[in-house]
Amino acid sequence: RSQVLMTNHKKLNMWLQLGGHADGIDDLISVAIREAKEESGFDNFVIVSEKIFDLDIHEISAISEGPIHLHYDVRFLLEAYPKENRIIVSDESHDVQWIPLDKVLKLNSESSMHRMVKKTFALLR
């Protein structure tokens, strides 16, 4: 748990945790796993807990013809093993990399990232 698998998202042009849209699916943990697999190319993830790890609600600006709206990030904590998986960068990303936990905030200093890094460090104790 000393590294975080992050994506440099093409559309947003920023480093983020893996994830995506539920598209009406109620089983959010399965959505999290599906999205993590799609964005990383990994086959195997371990669910650390089925409890929500973090919840972030933020406003999304109007894009194209879509209106300003709220975006709900329901985040789960998954584990993967770098030596057992090969990163395959999806079309949605510029890059996907393992980032040392203590370097995450240099790539994305948003408050929700601070919160998730703090929670992850707490798990290491």
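The values are calculated or read from the model by the stated rules, or taken from the named source; none is laboratory data. This structure is a prediction, so every number in the text was calculated from the model and none was measured. Cβ atoms come from the backbone with ideal geometry, glycine included; neighbour counts cover every protein chain shown. Accessible surface is based on the protein model in full, side chains and every heavy atom, while ligands, DNA and RNA are left aside. Shrake-Rupley method; radii C 1.70, N 1.55, O 1.52, S 1.80 Å.
Using the structure shown, decide if Phe45 is modelled with pLDDT of 95 or more, under 16 Å from the mean Cα position of the chain (by Cα), among the hydrophobic types (A, V, I, L, M, F, W, C) and closer than 27 Å to Lys118 by Cβ. Judged against the criteria, Phe45 is not a match. Of all residue pairs spaced 6 or more apart or on separate chains, those with beta-carbon atoms under 8 Å, a first member in the stretch 111-125 that is among the small types (Gly, Ala, Ser) and a second member that is modelled with pLDDT of 90 or more and open to solvent by 20 Å² or more (accessible area, probe 1.4 Å) are Ser112/Asp56; Ser112/Asp73. Residue selection: Ile52 satisfies the criterion of being of a type in the set (A, V, I, L, M), on the phi < 0 side of the Ramachandran plot and at pLDDT 95 or above.
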